[in-house]
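Enquirer: Structure in structure tokens, see below.
Please treat every number below as a calculation from the coordinates, not as lab data. Because the structure is a prediction, the values reported are computed rather than measured. As a convention, Cβ positions derive from the backbone with ideal geometry for all residues, glycine included, and neighbour counts pool all protein chains shown.
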Amino acid sequence: MIEVKNLRKGFEGKAVLKGVDVTMQSGKCNLIIGSSGSGKTVFIKCMVGLFQPDSGQILYNGQDFTAMTVEQKKEVRKEIGMLFQGSALFSSMTVEDNIIFPLDMFTTMTRRQKLDRVNEVLDRVNLKGANKKFPAELSGGMMKRVGIARAIVLNPKYLFVDEPNSGLDPQTSGLIDKLIQEITLEYGITTVINTHDMNSVMEIGDHIVYMYQGEKEWEGNSKEIIFSKNQRLNEFIFASDFLRDAKDMRMLEETGKVSEDRNMQQLTGTNAPDLVPPPKENKA
């Protein structure tokens, strides 16, 4: 579990984080959402130690990360996996060598043990046999999966993910979301995801934190977000007529007024297979 208490951070006299209090839940996907300039990226960078907060606490398993020595922080970082927005794979290294990199840095495993571990995580992300491929030979979705494999190769307790669906088509995005969710549940990881993807919010949002101008504006889960009356949140999430209609339909489903296996022809009052009513006869 990660606890953030009264976290504050500013640059050149301008406050970016204004006293944020959040508890990231273990074994769940914790999503950080918000518009550009809301402070969510600075928030995550403070949590992993890329920025030193001006004040406040970041507790990993009850230990204050902000007050640790360099060596103590290094020990915590061994328990942190990261998936970067662009996957951040080394282009001159094979898939195998990219994944081995953290093992070389933080373990004393033998080469054979490292290769066995690489094969385990590649199999887990459905990339068995891709060891000798280079990043240039991979699709965007495959590179994300290699990034996930590298992030979990050290069996982390905490997983930080930055925009996992950036640049991916909707179907591949859904597969990446499902994979992250499965790994989170399977290994009991505390996963923190920075995202703009509303499909991710609705599908894997076990715990959602909405940031607005450096503060926590709203907190809840993917079901609660549907019924939220927070105006700022609704304007951010359901910004188009299409999404507002989708919200209304999901609310009806959740309240049992419309079945999830609804017959759309019945709902629209049409019988035609394409749901378009036949043209009226011209009696003139």
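Enquirer: Test of understanding: ordering 223, 5, 216 by Cβ neighbours within 10 Å, fewest first, what list do you get?
Expert: 223, 5, 216
Enquirer: For the chain, modelled as a GNM with alpha-carbon contacts under 10 angstrom, which of 81, 214, 129 fluctuates the most?
Expert: 129
Enquirer: Under the definition of Cα pairs under 8 Å and six or more residues apart, what whole-number percent is the relative contact order of the chain?
Expert: Relative contact order here is 23 percent.
Enquirer: Of 119, 194, 61, which has the largest mean-square fluctuation in a 10 Å C-alpha GNM of the chain?
Expert: 61
Enquirer: So, one more: Could you give each residue of region 2-19 its phi-based ³J(HN,Hα) in whole Hz, using Karplus coefficients 6.51, -1.76, 1.60 with θ = phi - 60°, and x for Gly or Pro?
Expert: Running phi through 6.51 cos²θ - 1.76 cosθ + 1.60 with θ = phi - 60° gives 10, 10, 10, 10, 6, 6, 10, 8, x, 9, 6, x, 9, 6, 9, 10, 10, x Hz.
Enquirer: So what's the gap between the Cα centers of region 150-177 and region 32-110, to the nearest angstrom?
Expert: If you average the Cα positions of each part, the centres end up 15 Å apart.
Enquirer: On the principal axes of its Cα set, how long, how wide and how thick is region 118-255? Give whole Å, largest value first.
Expert: Largest first, region 118-255 extends 51, 31, 29 Å along its Cα principal axes.
Enquirer: In what sequence, highest mean first, do 160-173, 136-149 appear when ranked by Cβ atoms within 10 angstrom?
Expert: Put in order of decreasing packing, that is 136-149, 160-173.
Enquirer: Which value does Rg/Rh take for the chain over its C-alpha atoms, Rh per Kirkwood?
Expert: Ratio of gyration radius to Kirkwood radius for the chain: 1.06.
Enquirer: Right, something else. Report, to the nearest 10°, how far helix 95-106 tilts away from the longest principal axis of the Cα atoms in the chain, using its own Cα long axis and a range of 0 to 90°.
Expert: Between the helix axis and the principal axis of the chain, the angle is about 50 degrees.
Enquirer: Turning to a different aspect of this structure: Using the beta-carbon distance between residue 234 and residue 110 and R0 = 51 Å, what value does 1/(1 + (r/R0)^6) give for FRET efficiency, to the nearest 0.05? Kindly include the intermediate steps, with their values, before the conclusion.
Expert: On the way: r = 55 Å, r/R0 = 1.07.
It comes out at approximately 0.40.
Enquirer: Turning to a different aspect of this structure: Which of the chymotrypsin sites (Phe, Trp or Tyr not before Pro) found in region 63-115 are in a DSSP loop and have at most 14 neighbouring Cβ atoms, other than their own, within 10 Å?
Expert: Qualifying residues, ordered by number: 90.
Enquirer: Counting other beta carbons within 10 Å of each Cβ, put 210, 158, 187 in order, fewest first.
Expert: So the residues, fewest neighbours to most, are 187, 158, 210.
Enquirer: Could you list log10 I(q)/I(0) for region 89-155 at q = 0.12, 0.17, 0.27, 0.29 Å⁻¹, which the Debye formula gives when each Cα is one point scatterer?
Expert: Listed by q, the Debye log ratios stand at -0.24, -0.49, -1.26, -1.43.
Enquirer: Right, here's the next one. By its C-alpha gyration tensor, with a ≥ b ≥ c as the square roots of the eigenvalues, how is region 1-152 shaped: rounded for a/c under 1.5, else prolate for a/b larger than b/c, else oblate? Could the numbers behind the result be given before it?
Expert: Values: a/c = 2.38, a/b = 1.78, b/c = 1.34.
Verdict is prolate for region 1-152.
Enquirer: Using Cβ contacts closer than 10 Å as the measure, can you line up 110, 94 from fewest to most? It would help to have the intermediate numbers written out before the result.
Expert: On the way: 110 9, 94 18.
Fewest-to-most Cβ neighbours within 10 Å comes out as 110, 94.
Enquirer: Would you list the P(r) distribution for region 51-103, with all Cα-Cα distances sorted into 10 Å bins from 0 and each bin expressed as a whole %?
Expert: 19, 39, 28, 14, 0
Enquirer: If you don't mind, there's one more thing I want to ask. What angle do you read, to the nearest 10 degrees and between 0 and 90, between the alpha-carbon axis of helix 140-152 and the longest principal axis of the chain?
Expert: Helix 140-152 and the main axis of the chain meet at about 50 degrees.
Enquirer: Another question, if that's okay. Grab the DSSP H runs of the chain that are 4 residues or longer, score each as -39,500 (n - 2.57), total them, divide by all residues and round the 222 nm result to the nearest 500 deg cm²/dmol.
Expert: Rounded to the nearest 500, the figure is -12000 deg cm²/dmol.
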